[in-house]
Every structure is written in structure tokens, then in C-alpha cells.
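Since every read-out is calculated from the coordinates, none of them should be taken as a lab result. Nothing here was measured: the structure is a model prediction, and the numbers come from that model. Glycine also receives a Cβ, built like all others from the backbone with ideal geometry; neighbour counts cover every protein chain displayed.
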């Protein structure tokens, strides 16, 4: 049987899925169609993000993952696809902002209590990536407006291994920390780091031990000291062929956080432009809630913090010959 474009995409369902509240009230609100289409597009992109993240989690869940394998290339490729999709989500706000505040007021009050706050797909995505319940802003009511089935979906994601937790396990398996990059290596690195600090940065030295020695005892952290040392090692020596893909993986996660943050701040500024200091249709404090969430909901902040402990390339400790050989250089 031949595949038909219209039927394959189920366009009858999609193109007839826009039900305008203003029409039900016999009112004219031209921009309500734009509002619905944009939010439906958001939810479709969220579905695709789930599809990509689920596949990455499945690969990262394997007990052994070759850092020079097609599987790791697939992980990096799909994470970069997530970054590109998130960029699209940010740019969609440009289209939304062609709607003026008065255009929005034509139908806004008809939407109560519907709100973007009820997007269970987005909350589930945050949980899959690694945002913990205790780290959420407004955690006491963040599922209050959701139906029980959607709450269960989010709770299931929170109770499953997140991408951040799987990243920790993957980093802990890095062999170079045990085969040459030992305590003497890190003592040498710490001394080089100390000498690179300006006088106003000397307090960073205490943070060095907090992250690379005691981080598993610090409340709220996911990455262990071994994982932090592995991630920093990847950042420092990313020029070696074997570390290129691991570095791209870490960089993609930071980019995901950056794009999520950009989306939240664009959303916050758009809300302020549209409704000022009024409350959201879902009952939240509008702009103030979005600002607090944007400031707090950095999922991969523990990776980003490691950039505070980088030093100049010329000060990097030399690697043992055996490690250089494994990383791609030296005589085989």
C-alpha cells in the first residue's frame, strides 16, 4: 500500500487541533490562533527532545561505554540535536512577540486557569536531564495544577536515573585517573592552579578541595570527586584525539543548560512585556516566578563550575608517556 503524505502525517488531526476559546464566546481575537499554534509546536518539540534524551539515557546506562566508539558519537550527535532544537524554541519567541499586549488581552482571560506552568512534558524533561525535586523553585506547588496521571509521569522520571547521574557514573569509569593521573599528578596540578590565581581569587583554593576531594559529602551535589577530576581532565587535555568526543559531550550539556536558560529568560521578558506585574493565568507570580526559576534551574551547573579551576595550557603538568600513548599520541 502506498504511503500518502497527508495520511502519514495525520494532517486531519493536526490541522483541526486548534480550538479557539474566543470563537466559542463569539468574540474576535485574531492572535489566539498564533498563540495556540506556537504552544502546540512547543509541545511537539518537547516530544522530540524526550525521544533524543531517552535514547541517550539508554546508551549511557550501559555498564561499559567505549569512549572511542560509534555509540559515544551517537550520544554527542543527539545531544547536539537537542541544542539545535532548543535554539528553535528560543527563536519561536520572536514570532510570539509579534503579538502585542492588547492582542493578548483579547483572549487572555478566557484561558484561566490554563498556563504554560501545566506543561508536564517540560517538567518531565527537566527531571530526565537531572533537575532534582529539592532544587526546584516553587516545588511546593509545581505539580499542583497537573492531573494525577501527569504527576505520576514526572515522579517516575524523578525516581529514575537522570542523565546527570549517568554522566557521573560514566566519568567515574575513566581509567586515566588510576593509571598515571594519580595523587601526585593532582598535587602538582593544584600547585600550578595556586600560582595562577590573582590575589582576589585566593579563596578559590579552598573550593578546589571541596570539589575534587569532598564533593560527595556536600549536600545537593551529584558529581563525585572522581567524576569531577575526570571532567576537568577532559577539559584540560581535550586536544588529545581520544578526549575529543568526551569533551564534546560535556560541552553539549553546558550548551543545553545555556539554551534552556536563554529560553527561560526570553519567556520571562516576554511575559513582563505582555502582562507587566499581573499574575499568570495559572495563578503564579508571572515574571517573578520565571526569574527565580531561571536563576535556580541550572541542571549541569556542577560541570560549569569546573571552569573556575582551569589553568593556562603552558602550565599543564606533563602526562606520563603511557597515558599519552592511550590518548592517541606516542609510539604504538
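Taking the 0 to 90 degree range and rounding to the nearest ten, how far is the long axis of helix 183-196 tilted relative to the main principal axis of the chain, both from C-alpha atoms?
70 degrees
If each DSSP helix of 4+ residues adds -39,500 (n - 2.57) and the sum is divided by the residues in the chain, what number results at 222 nm, nearest 500 deg cm²/dmol?
Helix-only estimate at 222 nm: -18500 deg cm²/dmol.
Note the angle between two axes, namely the Cα long axis of helix 225-236 and the longest principal axis of the Cα atoms of the chain, as a number of degrees from 0 to 90, rounded to the nearest 10.
90 degrees
Please state, as a whole number in µm²/s, the translational diffusion coefficient that the Stokes-Einstein equation yields for the stretch 5-327 at 37 °C and 0.692 mPa s, with Rh defined as the Kirkwood radius across alpha carbon pairs.
Translational D for this selection: 148 µm²/s.
For the residues 8, 42, what sequence is obtained by ranking on other C-beta atoms within 10 Å, fewest first?
8, 42
So how far, in whole Å, is the C-alpha centre of the stretch 194-262 from the one of the stretch 9-80?
Cα centroid to Cα centroid, the span is 31 Å.
Springs between alpha-carbon pairs under 10 angstrom, Gaussian network model over the chain: which of 118, 18, 244 fluctuates most?
Fluctuation is largest for 18.
Given R₀ = 51 Å, FRET efficiency for residue 149-residue 66 by Cβ-Cβ distance, to 0.05?
With a Förster radius of 51 Å, E is 0.85.
Using the alpha-carbon atoms, what tilt in degrees (0 to 90, nearest 10) does helix 120-129 show relative to the longest principal axis of the chain?
0 degrees
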